[in-house]
Amino acid sequence: MEISTSQISRYILDLQNELKGDSPSPAHMSAGEHGIFQDAECAIMAASQAQKRLMEYSLKERETFIEAMRAAARENARKLAETAHDETGYGHVEDKVAKNVLAADKTPGIEDLNTMAVSGDAGLMLTEMAPYGVIGAITPSTNPTATVINNGIGMIAGGNAVVFNPHPGAKKASLLTIKLMNEAIVGAGGPDNLLCAPEEPTLDTSSVIMSHPLVKLLVVTGGEAVVRTAMKTGKKCIAAGPGNPPVVVDGTADIKRAAADIVKGAHYENCILCIAEKEILVESCVADELIREMVKEGAYLADEKELSAIVGKVMITAKDGSYAPNKKYVGRDATYILKEAGICVDREAKIIIAEVPFGHPLVMTEMLMPVIPVTRVATVEEAIEKAVIAENGCHHTAMMHSENVSNLTKMARAADTTIFVKNAPSYAGLGIDGEGYTTLTIATPTGEGLTSARNFTRSRRCTLHGSFRIV
Ligand code: NAD
């Protein structure tokens, strides 16, 4: 690796500062190793220092660091997937590998940042996308490694450093990703600690990060509780919250294809993705055919008695009458859930389906497991109306299978979701076998949608008065 003169002078400057005791040296602040620190305060201080150093590098150099992150994510995609799977027990290793590679390949980098220029009689005005500085990012257990890769690339492309507070239940995989990303940046001649985290992430460390004056932007990805907490801080916040994506199948749909796509989408990662198919609303005229085709694609159709045994296992009813998924079954294989419910199967089930009336707790609750309720409705209008109710105002994701453009348009308008997938598995909306860039942080409550580097910047205007035109 070649080291440029500018890099050498920066190292000398850092060393002089350290010797003078002018600035805290991450190496002295804790037993920190490539971004992992004893506590949240040390992680924030190290990230702040790293961000200042990042600003001394050119955009071209920043791009090199991002390329190194992408390469490291690709090289370690399997190792990270296996670590996350061992730690959380959620989903499938192969799907996690694919998500890591997706985040490495399809997360926008610095090309996402645009400068806008206006010139006129009064001179020139530039609007530039500037970094916030240090970002505090809270990440979920469901995508622990891909979210760090995706957030990390986008935030650093925007010129920031990031302090993560990973889900405690996925800390090993998340911290390993942070370490590997830092190693890659350092290997490419960049500053260490652009991605940091406390070694024991807890609700306390989360609260230190959320309230710290050096943390200028919060980016939270998770369920309702963390979104509520972050939005109450009074800080600028990008919140990516829960969803309960409905899938509507109307009478014009290619039923064979719809069945295959639904099973693929709901089976992917055992339905833990926030965008995955969580309930099906189907026009009665094609309901029997859809169910038959889904069974051919590997779905297990539970009867009424079996359904009540499954619900008894996977659903928790609180004293106030609200429902929640039993964590023991979140992200687990359908066959395992069936076995736990005392149901013997002679072949592997990809997902479990069961007919339920609309309003059943399985329809209205984000279950995060491959148990998918099917509700028959009389018309496409009724399907759309009920899909909107089931989506629960999350404005997150919805799917529809239809060959009728006006039905698709009706659904798109009524659902008003951040992602609307037509005639494909839900994951096409993330760019897996679908067009467009990817994100693992879909900001629904705060409205940024599919976040990328540009969302992690603030807008700055620079005005030059007088003529600066060539025409
Ligand atoms: P979770 O809400 O349990 O945890 C998410 C993160 O928030 C974790 O780091 C956790 O430690 C933290 N957290 C939870 N409660 C908190 C509180 N009160 N204060 C501070 N931090 C808190 O979610 P999970 O099980 O890890 O992930 C699944 C959930 O996340 C689902 O609801 C899913 O829809 C959602 N999700 C949304 C997106 C999106 O892009 N919109 C992406 C992935 C997951």
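The values are calculated or read from the model by the stated rules, or taken from the named source; none is laboratory data. As the structure is a computational prediction, the values presented were derived from the model and not from experiment. All Cβ positions, glycine included, derive from the backbone under ideal geometry; neighbour counts span all protein chains shown. All accessible areas refer to the heavy atoms of the entire protein, side chains included, with ligands and DNA or RNA removed. Shrake-Rupley method; radii C 1.70, N 1.55, O 1.52, S 1.80 Å.
Legend: distances between Cα atoms for Lys171/Lys327; Lys96/Lys236; Lys278/Lys327; pairs beyond 23 Å are Lys96/Lys236.
For region 323-441, what value does the Rg/Rh ratio take when both radii are computed over Cα atoms and Rh is the Kirkwood radius, given to two decimals? Don't skip to the end; give the middle numbers.
Working: Rg = 15.8 Å, Rh = 16.1 Å.
Looking at region 323-441, the ratio lands at 0.99.
Rounded, prolate or oblate for region 41-100? Axes are the square roots of the Cα gyration tensor eigenvalues, ordered a ≥ b ≥ c, and the cut-off for rounded is a/c under 1.5. Note, shape of region 41-100 comes out oblate.
With the whole protein complex present, Arg257 retains an accessible surface near 110 Å², based on a 1.4 Å probe.
Averaging the inverse of every distinct alpha carbon separation and then flipping it gives the Kirkwood radius. What is it for region 294-345, in angstrom units?
Working: mean 1/r = 0.0837 Å⁻¹.
Averaging 1/r across every pair of different Cα atoms and inverting gives 11.9 Å.
Backbone phi angles across region 164-180, fed through the Karplus curve with coefficients 6.51, -1.76 and 1.60 (θ = phi - 60°), yield HN-Hα couplings of 8, 10, x, 4, x, x, 9, 5, 4, 5, 5, 5, 4, 5, 4, 4, 5 Hz in residue order; Gly and Pro are listed as x.
For Cys196, the residues 5 or more places off, or on other chains, whose built amide H falls under 5 Å of its own are Val162, Val163, Phe164. For Val134, the accessible surface of its heavy atoms amounts to roughly 10 Å² (probe 1.4 Å, protein chains only, rounded to the nearest 10).
In terms of solvent-accessible area of protein heavy atoms at a 1.4 angstrom probe, what is the ranking of Lys319, Lys256, highest value first? Spell out each step's value before the answer.
On the way: Lys319 215, Lys256 120 Å².
Final ranking, largest accessible area leading: Lys319, Lys256.
The calculated FRET efficiency for Glu304 paired with Thr64, based on their beta-carbon distance and R0 = 51 Å, is about 0.25.
In this label model, Glu82 and Tyr323 are separated by 3.9 nm, measuring between points 7 Å along each Cα→Cβ vector.
Packing-wise, with mean Cβ within 10 Å as the measure, how do 113-119, 63-69 rank, highest first? Please report the intermediate quantities before stating the final value.
Values: 113-119: 12.3, 63-69: 20.7.
Per-residue Cβ counts within 10 Å, averaged per peptide and sorted highest first, yield 63-69, 113-119.
Give me the percent of the accessible area of the chain that comes from carbon and sulfur atoms, probe 1.4 Å, all protein chains in place.
Numbers: 10700 of 19980 Å².
Heavy-atom surface of the chain belonging to carbon and sulfur, 1.4 Å probe: 54 percent.
Close amide H partners of Ile138, meaning residues 5 or more places away or on another chain with modelled amide H under 5 Å apart, are Asn165, Val219, Val220, Thr221. Rg then Dmax, both in Å and based on the Cα atoms of region 246-434: 15.2, 45.
Heavy-atom accessible surface of the chain, averaged per residue, reaches 42 Å², computed with a 1.4 Å probe. Across region 101-115, computed HN-Hα scalar couplings (Karplus, 6.51 cos²θ - 1.76 cosθ + 1.60, θ = phi - 60°) run 5, 4, 5, 5, 8, 10, 7, x, x, 5, 5, 7, 8, 10, 9 Hz from first to last residue, x flagging Gly and Pro.
Full extension from Cys462 to Asp346: what is 0.36 nm times the residue separation minus their Cα-Cα distance, to one decimal in nm?
Numbers: separation 116, 0.36 × 116 = 41.76 nm, distance 6.84 nm.
Taking 0.36 nm per residue and subtracting the Cα distance, the gain is 34.9 nm.
Report note on the peptides 340-347, 299-306: ranked by the mean count of other C-beta atoms within 10 Å, highest first, their order is 299-306, 340-347. Each 20 Å bin from zero holds the following percent of Cα-Cα pairs in the chain: 24, 50, 22, 3, 0. Per-residue 3J(HN,Hα) values for region 67-75, derived from phi via the Karplus relation 6.51 cos²θ - 1.76 cosθ + 1.60 with θ = phi - 60°, read 4, 5, 4, 4, 5, 5, 5, 5, 4 Hz in sequence order (x marks Gly and Pro). Each listed q (0.13, 0.15, 0.17 Å⁻¹) maps to a log10 I(q)/I(0) for region 29-171, found by the Debye formula over equal Cα scatterers with no solvent: -0.64, -0.82, -1.00. Taking the alpha-carbon centroid of each part, what is the distance from region 400-471 to region 236-304 in angstrom? The distance from the Cα centre of region 400-471 to that of region 236-304 comes to 23 Å. A Förster distance of 56 Å, applied to the separation of the beta-carbon atoms of Ala71 and Glu385, puts the FRET efficiency at 0.70. Taking amide H positions as modeled 1.01 Å from N, with prolines and chain starts lacking one, the residues under 5 Å from Glu279 and 5 or more places away or on another chain are Val247. With N as its number of residues, region 200-339 has a Cα radius of gyration that, divided by 2.2 N^0.38 Å, comes to 1.36.
Within the same chain, lysines fewer than 8 places from Lys60 are excluded, and of the rest, those with a Cα less than 20 Å from its Cα are Lys52, Lys106. How high is the FRET efficiency between Arg228 and Glu200 when r is their beta carbon distance and R₀ equals 22 Å, given to the nearest 0.05? The value I calculate is 0.40.
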